[in-house]
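Q: Before I ask anything, let me first share the structure, which is written out below as C-alpha cells.
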Number of protein chains: 2
Amino acid sequence: MTDYRLPITDYRVVCLAGGVGGAKLAAGLAEIVPPANLTIIVNTGDDFQHLGLTVCPDLDTVMYTLAGVANPETGWGRAGESWRTMEAVARLGGPDWFRLGDLDLATHLTRTQLQGEGQTLTAVTRHLCSHLHIQPAILPMSDQPAPTMIASADGRILPFQTWFVRERWQPPVRQIILPEDVKATHTVVRALETADIVIIAPSNPFVSIDPILNVYPIRALLEDVPQVVTAVSPIIGGQAVKGPAAKMMQEMGMEVSATAVAAYYGDLVDLFIYDRQDAGAFVGRGDAVALDTMMLDGDGRLRVATDVLQATLEYLNA
Amino acid sequence: MTDYRLPITDYRVVCLAGGVGGAKLAAGLAEIVPPANLTIIVNTGDDFQHLGLTVCPDLDTVMYTLAGVANPETGWGRAGESWRTMEAVARLGGPDWFRLGDLDLATHLTRTQLQGEGQTLTAVTRHLCSHLHIQPAILPMSDQPAPTMIASADGRILPFQTWFVRERWQPPVRQIILPEDVKATHTVVRALETADIVIIAPSNPFVSIDPILNVYPIRALLEDVPQVVTAVSPIIGGQAVKGPAAKMMQEMGMEVSATAVAAYYGDLVDLFIYDRQDAGAFVGRGDAVALDTMMLDGDGRLRVATDVLQATLEYLNA
C-alpha cells in the first residue's frame, strides 16, 4: 500500500465545503494536515428552521463525517440511526418530508437550545465539534441567516430545502437567488487572511460554493490572500457524482463538463483538478491537473486529499 | 361489579385540570360524559421553551391519558417510551435535566412546527387531539404565555420547571407568582359560559388550579355561571397523592389537610369532595361529601369520576 501521508507542513489550509463531497475531502485533509493548520468553511445557505429547530445540513454532514459517525451508505445523517420520533411526528400529522433521525435530532435540539441561550452558530458549532472530538476548525460561513432560494422554471421561488428535499430537486432551475449583505464572521475572515492554500471541495458550485463566495468579503479574500486556490471538479465523466449539479448546469444552459466548471470558477481558481475520466475532453485556460478523484471510502478520501494537496504544493513550488 | 355508568345526561361539564391527578379524573369523566358535553381546561402555567421547543407538560399528560398512551407507571410521558435522542443530547453537552422521550418529542416538535406556522396553542392542541383520537375538547387555559414562577425561601425566583424538575421541588416555597393580564381564549370563555357543572380536579391548588383561575375572566365566570362548582381534594390522609402540594402548604404556613384545601377554595366551590380517610378530621363550612377518591387504575378513575358526578347531581337536585 502506498503511503500517501505528506510530511507535516506549516501550510495553513482552508477548505470550502458543501455537503457530502465537501465532507469527504475535508475528512481526507483532516488525516494529513495538522488540526491547527486546517479550517473548513461550510455553506449554511441550505440551513432552515424545521419543527422549531435550526437544521444545518451541510455543517452536520461535515461534522458527522469528520467525527466518523456519518452514515456510510447515504453520506449524510448518522450511522446506526433510528426513526422513532419522526414516525411519531407523522402519526401526529406533523411534517415528515425532511427526515430527522433520533440521533440526528439531538444535534438540532442542542444547537437550537444553545442559540436560544444567545450563542452564535460559530460558537454552537465549536461546542458540538468539541463533544464529537473533532479537532480541525469547522466554521459556518456566517452567523447570519443566508438562505439560498431557487427560482424554478415554473415561476416559483422556493427555499432551498423545499426544492432539494421536499420536491426532490425536480422543478427545473431558472436561477439561484443568494441573499445580499451577508457578512462573514471574524473567525472566517481571520482563517482566510492567514491561509496559504484554499481548496474548493468537489461540492456543487452553484448551491454549495457560490453561497460561500457570496458572503462578504470571502470572494475578495480568495482573490487577494492565499498563495494558491485549488478547486476540485464535482463533475466526473460528464456527470455529477451525487445531487443536482449536472441537472442544474443543463437547465441553466451550461455544458455539463469539468471544462464548464473550470470556466465557471474562472480566474478565482489558480489550479483546477478534474478527474482522469475527463482527461480527453478537458479544455482549460489555466493550470489544471487530472487525478483519480472518486472518493468511495476512507482510503479514497485520504488518497484524493493527499493527491490534491500534493498537486497544490507542486504548483506552489513550480 | 357495580355499574357506575350514569345515564347520559345533557349537563355540560367543564373540568379544570393540572397534570396527573387532573388527567386521571378527566379520563374517568370522558368515559361517562358524552364528548360534546365535556370540556377540559388545562393549566399552561408550567409550559416552557426547552431545546427550542414548546413543552406543555400538563396539556400533554391530559392528552396522553385520554388517548390511552400515557405511561401507567409514572402518570406522565408516554407508554413504551425510549430515550435515544435525549441520551445523544447529553453526549453533545446539551441539557438533559428535563427528560423528553423519543415519542414525547414528536408532540413538542409537531406543536412547535404548527405554532411556527401561526397556529394558536388552542388550534395546535385540537390538531394533536384529533390525531390522538381524543373526542372531548381539551383546551389550554390561554393562548398567551402565562408562566408560573416560584419565589423560594432563599430569595430566588425560579421558572416553574426549573424549581419542579431541575431542583426536584426541594427549594422551600415562599410565594407563587402568577402573571398579570393573561386572558382566556374565546373557546374557554364560551365553554364556561355554557357550563352547567364545573369540576375542579384533584390537582395542586397553588400551581395547577390557581394559574387557571388567575386567567381573566375564568374566576369570575366560575362565580357567576355554572349551577355548581365541585372541587376534589388533592390531599388524602393528610398527604399529597403525588407531587409537592403538601410540602408547599407546610412551607406557606398552612395546615396540610383536606379542610385547609376546602378553606383555601372558599366560596368559589359549592361542593367539596374529600377522601373517606379524612372523614374524621374534616371540618368544613359548606356542602362536602366524603368518597373514596384514590385513582390507582382505570377502574378507579371511572369510579371516582362517576361518584363525583353523582354527588354533584345529587347536590343539584337537593
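Q: Would you look at the GNM of chain B, springs on alpha carbons closer than 10 Å, and say which of B:L268, B:L38, B:L302 moves the most?
A: B:L268
Q: List the distances, in nm to one decimal, from the label point of B:Q119 to the label points of the same position in every other copy, shortest first, placing each label point 7 Å from Cα along the Cα-to-Cβ direction.
A: Copy-to-copy label distances at B:Q119, shortest first: 3.1 nm.
Q: Still on this structure, please answer the following. Where Lys and Arg each count +1 and Asp and Glu each count -1, what net charge lies around A:A263 among other residues with Cβ under 13 Å from its Cβ?
A: -1
Q: In percent, how large is the relative contact order of chain B, given Cα pairs closer than 8 Å and 6 or more residues apart?
A: Relative contact order for chain B comes out at 20 percent.
Q: Follow-up question, since we're still on this one. Rounded to the nearest 10 degrees, what's the angle between the helix B:57-67 long axis and the longest principal axis of chain B, both from Cα atoms, 0 to 90?
A: Helix B:57-67 and the main axis of chain B meet at about 70 degrees.
Q: What are the ³J(HN,Hα) values, in whole Hz, obtained from phi via the Karplus relation 6.51 cos²θ - 1.76 cosθ + 1.60 with θ = phi - 60°, for each residue of the range B:88-105 in sequence order, with x given for Gly and Pro?
A: 5, 4, 4, 5, 8, x, x, x, 10, 6, 9, 7, 10, x, 4, 6, 4, 3
Q: Bins of 10 Å, beginning at zero and ending with the bin holding the largest distance: percent of Cα pairs per bin for the range A:19-99, please.
A: 17, 41, 30, 10, 2
Q: Where in chain B lies the longest segment free of GluC sites (Glu not before Pro) that are both loop residues by DSSP (not H, G, I, E, B) and have at most 11 other Cβ atoms within 10 Å?
A: It works out to B:181-318.
Q: With Cβ to Cβ distances under 11 Å as the rule, what net charge do the other residues near B:L38 carry (K, R +1; D, E -1)?
A: Neighbour charge sum, excluding B:L38 itself: 0.
Q: Size of the range B:175-318 along its principal axes in angstrom, Cα-based, largest extent first?
A: 41, 39, 32
Q: What Kirkwood hydrodynamic radius do you get for chain B when you take the inverse of the mean 1/r over all pairs of distinct Cα atoms, in Å?
A: Evaluated on chain B, it is 19.8 Å.
Q: Right, next: B:R12's amide H: which non-local residues (gap 5+, or another chain) put their own amide H closer than 5 Å, with H modeled 1.01 Å from N in plane and none for Pro or chain starts?
A: B:D196, B:I197
Q: Among B:M252, B:G280, B:A263, whose Cα sits farthest toward the positive end of the charge dipole of chain B (+1 at Cβ of Lys/Arg, -1 at Cβ of Asp/Glu, about the Cα centre)?
A: B:M252
Q: What residue among B:V62, B:V182, B:V283 shows peak mean-square fluctuation when chain B is described by a Gaussian network model with Cα springs under 10 Å?
A: Of the options given, B:V283 has the highest mean-square fluctuation.
Q: Going by C-beta contacts inside 10 Å, put A:M86, B:M248 in order with the fewest on the left.
A: Taking fewest neighbouring Cβ atoms as first place, the list is B:M248, A:M86.
Q: Another question, then. For the range B:187-269, what D do you get in µm² per second when you plug the Kirkwood radius from alpha-carbon pairs into Stokes-Einstein at 25 °C and 0.890 mPa s?
A: For the chosen part, D equals 184 µm²/s.
Q: Please list the equivalent ellipsoid semi-axes of the range A:251-318, computed as the square roots of five times the alpha-carbon gyration tensor eigenvalues, in descending order and whole angstrom.
A: Working through the eigenvalues yields semi-axes of 21, 17, 10 Å.
Q: Follow-up question, since we're still on this one. Placing unit charges on C-beta atoms (Lys and Arg positive, Asp and Glu negative, everything else neutral), compute the dipole magnitude of the protein assembly as shown about its Cα centre in debye, rounded to 20.
A: Roughly 220 debye, rounded to the nearest 20.
Q: Let me check I have the definition right: for the range B:114-184, take the eigenvalues of the Cα gyration tensor, multiply each by 5, take square roots. What are those semi-axes in whole Å, largest first?
A: 31, 14, 11
Q: Can you give the % of DSSP beta bridges in the protein assembly as shown that are antiparallel, to the nearest 5?
A: If I count the DSSP bridges inside the protein assembly as shown, around 35 percent turn out antiparallel.
Q: Still on this structure: If you take the Cα Rg of the protein assembly as shown and divide it by 2.2 N^0.38 Å, with N the number of residues, what do you get?
A: Rounded to two decimals, the normalised Rg is 1.21.
Q: Can you give the local net charge around A:T74? Use residues other than it whose beta-carbon is closer than 13 angstrom to its beta-carbon, Lys and Arg +1, Asp and Glu -1.
A: Within the 13 Å Cβ shell, the charges total 0.
Q: Considering chain A as a Gaussian network with a 10 Å cut-off on Cα pairs, which listed residue, A:S82, A:S142, A:S203, attains the greatest mean-square fluctuation?
A: Of the options given, A:S82 has the highest mean-square fluctuation.
Q: How large is ³J(HN,Hα), in whole Hz, for each residue of the range B:164-175 in order, when computed from phi with the Karplus curve 6.51 cos²θ - 1.76 cosθ + 1.60 and θ = phi - 60°, using x for Gly and Pro?
A: Rounded to whole hertz, the list is 6, 9, 4, 9, 6, 6, 7, x, x, 8, 8, 7.
Q: Let me ask something else about it. What share of the DSSP beta bridges in chain A is antiparallel, in percent to the nearest 5?
A: 35
Taken together, the values in this text are just the output of simple stated rules run on the coordinates, not laboratory data. All values derive from a computational prediction rather than experimental measurement. So basically every Cβ, Gly included, is an ideal-geometry build from the backbone, and we count neighbours across all protein chains shown.
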